[in-house]
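Undergrad: First the structure, then my questions, so here it is.
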Amino acid sequence: MPGHDSVRDDILLMLPEDDRAQLQGRATHQVRDWIIARNLAVQRYSSILQTVLNATLAVKSLPNEIFVDILGLASPEQDYRNTWITKATGVCRFWRDTIINTPLLWTKIDLTAKPHFIELCLARANGADICIRLPDPSGGYLKRSVNVDFPQVAPLLIPCSSRIKHIDLYIAEASSNHVPTSLMRQLLDVPLPALTSLALNSKGLQWAPSPQALHSLRHLSLDLSAVTPDWMKLPLSQLTSLTLSEPRFVENAPFASILGVLEACHSLEFFRFEGFEVDSDAPYPTRTLSLPQIRHIYLRGMPPLGTPILLAQLSLPQHARLSLEPYFYYGEVITRALDVLLPKDTRSLPAVCKAQRLMVLIDADEPDEPPELIVYADVDCTEYWNSKPWRSPEYELHWDFPNQAPFKAVPSFFVRHEVIPWQGDALKGLRFIMRELGDFFTATVETLVLRGITSLVDVQTWAQTMAAFPNLKELEIIGQDCDMHNFPAALEPTSSGVPCAQLRDVVLLYRPRKRSGSLRMLQGLRTALQMRLEVKGGSRLRSLSLLLVPERNDRLFPPALVMDQLPDVFRDTLDSLKSVVESFVFRCDTDSDGGNIQREDGDGSEGSMEGEDVEKDTDYWETLDEENEFGEDSEEGA
């Protein structure tokens, strides 16, 4: 009969016998309805099995608070749009239920999101303290321009003002997030009892907060080129962190200078300052402000002379850290880089005057580019100095160091900047900076690391550096693509005595010459160490390490061949060096395939030591090195 056609028996044979018995003789639409219902039941059962299986996984055995902590750590710190957390809800039912019902995972509110999503986040935050952010469109955070529908967003936020903990707002005059400042004040003028951190960059915003509304504020960041605060109403005395950019202080006002602001910040621990205009002809102030609670001062983008004038007015405690990232103008003629960064008298800056570990790095990758100068100093010996990361040719600091570094990784004193006036004289950068070190750092320095172009450092500069640090115990010189042939003469005793008489450990890293392996430098070093032994009161070095770095990808002259072609007098000189030191290490670093070459120490034993790869020299550096290997010093004395 029409409508009662049945499914063929050979198709039903694929089903279990019980199911087949129920379907035989039934109409096609009946069979279809049965199969659909049965399929839904199977899917539900499969989901139950998957849930039970998930429950047996290790993550399900974790306490819920630990699992939530893991989710929070996995979410990017700057993910104010909750993108990662939202995607994570799709992993499984357990993840979804946990995430949706954990208020702390929904406390970041990005004002560029849709109003309905902001409302959803506020609802899921369920009474927890929240953080709101309006990012700078030019900072790369936003992939497209968006407009903030603030008339709809403000009514959502203002009822939650009592639990706003962090505010970070960027509102530029020509930005894509057209937010009326009048509407912005609606949020800033309401009581904010939970607010601990506030960052404002709002073009043309005249801000006079109510002190009662900010009684919990501890961290404040203001771009003073965009925001004009009422300083008298800011809770400066309770701040522990203050960041100011592009200051515009009004003459004869209660806070007419940055010194006045700092004086009011009795509890300040961290201070970051960007931009500072100063009269270069003005005399150094005689007033000194003590900051007993300060832990870190970070001055960035300040032009020459502004930094030393400000630092001359401050007295920092023993534990305070000082970080400087200045800039120079192209028109300035400056060879003394530290002279325009630090005051003449550094006794009020313990991070400088009491430093025991000092490192100077100068990266001059291209002779026509301004080199990058890094000065790294510590009052105490930290894990950084024990691990010696600077020996790697690939060593470099993060671009935002020390701002993003853990506090324990930030050195006592740090300088980094491109010295534009050295452009064209990049090869002389190490010599320039070495001549200044003794003017600012004192005899407390016991460890000194120098990395840069050493072939143009003359004997007088080496001697001047050694004389500046008479208590030096460890010296490490990393010759970047070059030799250090003038260095040994500075170790020789003089009529005044033995330079750095307490020196115990010396490490020299350089590239060997295929022709001689820097024989002249090694012979001079042997002579100087012998003279130190023979003079009255002289002493023997505890250890001497020579680390030779062959070219990485040189197929014609691989490391093993470089060693084989060195003359016999080179090996004789190495043997003679063993007699003037307690422990001697000679190493030719590994090639790109990881093969080990050689290690020798004071007792003549041989072993292997893993080395490090470096980039292949350019013709420019090769020519420079060959000229300085056996020729006269190319630079005049100091």
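The values are calculated or read from the model by the stated rules, or taken from the named source; none is laboratory data. Computed from a predicted structure; not experimentally measured. Quick reminder, even Gly has a Cβ in these numbers, built from the backbone with ideal geometry, and neighbours come from all protein chains shown. Note: accessible area is taken over every heavy atom of the protein model, side chains too, but ligands, DNA and RNA are not part of it. Shrake-Rupley method; radii C 1.70, N 1.55, O 1.52, S 1.80 Å.
Undergrad: With respect to D168, determine if the residue is open to solvent by 30 Å² or more (accessible area, probe 1.4 Å), in contact with a Leu (Cβ under 9 Å, 6 or more places away or on another chain) and modelled with pLDDT under 85.
TA: no
Undergrad: Further question on the same structure: From the list T28, T51, which residue is modelled with pLDDT of 75 or more and polar (S, T, N, Q)?
TA: Numbers: T51 fails: modelled with pLDDT of 75 or more.
On inspection, the qualifying residue turns out to be T28.
Residues checked against (1) at pLDDT below 85; (2) open to solvent by 30 Å² or more (accessible area, probe 1.4 Å); (3) over 29 Å from R272 (Cα atoms):
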position: P137; (1), (2), (3): yes, yes, no
position: K143; (1), (2), (3): yes, yes, no
position: V146; (1), (2), (3): yes, no, yes
position: P159; (1), (2), (3): no, yes, yes
position: S175; (1), (2), (3): yes, no, no
position: Q186; (1), (2), (3): yes, yes, no
position: D189; (1), (2), (3): yes, yes, no
position: L205; (1), (2), (3): yes, no, no
position: H215; (1), (2), (3): yes, yes, no
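Undergrad: Test each condition in (1) within 41 Å of the chain's Cα centre (by Cα); (2) open to solvent by 60 Å² or more (accessible area, probe 1.4 Å); (3) at pLDDT below 80 for K60 and report the one that comes out false.
TA: (2)
Undergrad: Can you give me the number of residues within the range 516-562 that are at pLDDT below 60 and of a type in the set (G, A, S)?
TA: Of the residues in that region, 1 qualify.
Undergrad: So which of E492, E474 ends up being in contact with a helix residue (DSSP H, G or I) (Cβ under 8 Å, 6 or more places away or on another chain), open to solvent by 10 Å² or more (accessible area, probe 1.4 Å), acidic (D, E) and farther than 28 Å from Y327 by Cα?
TA: E492
Undergrad: Let me confirm something: among L338, L322, L310, which residue is modelled with pLDDT of 90 or more and open to solvent by less than 20 Å² (accessible area, probe 1.4 Å)? Lay out the reasoning, then the answer.
TA: Working: L338 fails: modelled with pLDDT of 90 or more; L310 fails: modelled with pLDDT of 90 or more.
It is L322.
Undergrad: I'd like the full set of residues that are at pLDDT below 75 and open to solvent by 10 Å² or more (accessible area, probe 1.4 Å), limited to the range 410-426.
TA: Answer for the range 410-426, where residues must be at pLDDT below 75 and open to solvent by 10 Å² or more (accessible area, probe 1.4 Å): I420, P421, Q423, G424, D425.
Undergrad: Of the numbered conditions (1) without any contact (Cβ under 8 Å) to a residue 60 or more places away in the chain; (2) part of a loop (DSSP other than H, G, I, E, B); (3) more than 28 Å from L342 (Cβ to Cβ), R532 satisfies every one except a single condition; which is it?
TA: Going through the list (1) without any contact (Cβ under 8 Å) to a residue 60 or more places away in the chain; (2) part of a loop (DSSP other than H, G, I, E, B); (3) more than 28 Å from L342 (Cβ to Cβ), R532 breaks only (2).
Undergrad: Residues in the range 76-119 that are open to solvent by less than 20 Å² (accessible area, probe 1.4 Å), outside any helix (DSSP H, G or I) and of a type in the set (G, A, S): how many?
TA: Residues in the range 76-119 being open to solvent by less than 20 Å² (accessible area, probe 1.4 Å), outside any helix (DSSP H, G or I) and of a type in the set (G, A, S): 1 in total.
Undergrad: Being under 16 Å from H166 (Cα atoms) and of a type in the set (D, E) is the filter; apply it to the range 78-126 and report the residue that is modelled with the highest pLDDT.
TA: By that ranking, first place goes to D110.
Undergrad: Right, something else. Can you confirm whether the range 4-17 contains a residue that is surrounded by 12 or more Cβ atoms within 10 Å (Cβ to Cβ), among the hydroxyl-bearing types (S, T, Y), at pLDDT below 80 and more than 30 Å from V91 (Cα to Cα)?
TA: So far as the range 4-17 goes, yes, one or more of its residues are surrounded by 12 or more Cβ atoms within 10 Å (Cβ to Cβ), among the hydroxyl-bearing types (S, T, Y), at pLDDT below 80 and more than 30 Å from V91 (Cα to Cα).
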